[in-house]
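Step one of this worksheet: look at the structure below.
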Amino acid sequence: MENNNGTKFLCFLTGVSIGALVGVLFAPHSGKRTRELIADQAGESRDYLLRKGRELREQATDYVDRGKEVLADQREHLVAAVAAGKQAYRAEAQSKSNL
């Protein structure tokens, strides 16, 4: 079987070159204006990501706080159930010892 990696690479380079040439020829703005647009868009993207990150952090904090409240409530129920179980055991043990 023939090794045609060189041919594939040459086709790749040709495609990249043609794409770059077409991009330069049909660019809607000058190079300086295009760089400004890219910088503006990058700044907007950065601001968006920072805002979404803050929102996500706040939401996660809310979920953690809510989870802590639920766990505290469940702990109180469990402590009460254990105390009731101990009391019932003691009452049953006392009633059996009185017989």
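Just so you know, all these numbers are worked out from the coordinates, no wet-lab data involved. Since we're looking at a predicted model, the values are computed, not measured. So basically every Cβ, Gly included, is an ideal-geometry build from the backbone, and we count neighbours across all protein chains shown.
For region 79-99, name all the residues that are surrounded by fewer than 10 Cβ atoms within 10 Å (Cβ to Cβ) and basic (Lys, Arg). Break it down into steps so the answer makes sense when it comes.
Let us first name the residues in region 79-99 that are surrounded by fewer than 10 Cβ atoms within 10 Å (Cβ to Cβ), namely 94-99.
Of everything in region 79-99, just one residue is surrounded by fewer than 10 Cβ atoms within 10 Å (Cβ to Cβ) and basic (Lys, Arg), namely Lys96.
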Suppose we filter region 9-23 for residues that are more than 38 Å from the chain's Cα centre (by Cα) and exposed (fewer than 10 other Cβ atoms within 10 Å of the Cβ); how many remain? 0
Considering only region 24-43, I want to know if a residue exists there that is among the basic types (Lys, Arg), loosely packed, with under 10 Cβ neighbours inside 10 Å and part of a helix (DSSP H, G or I). yes
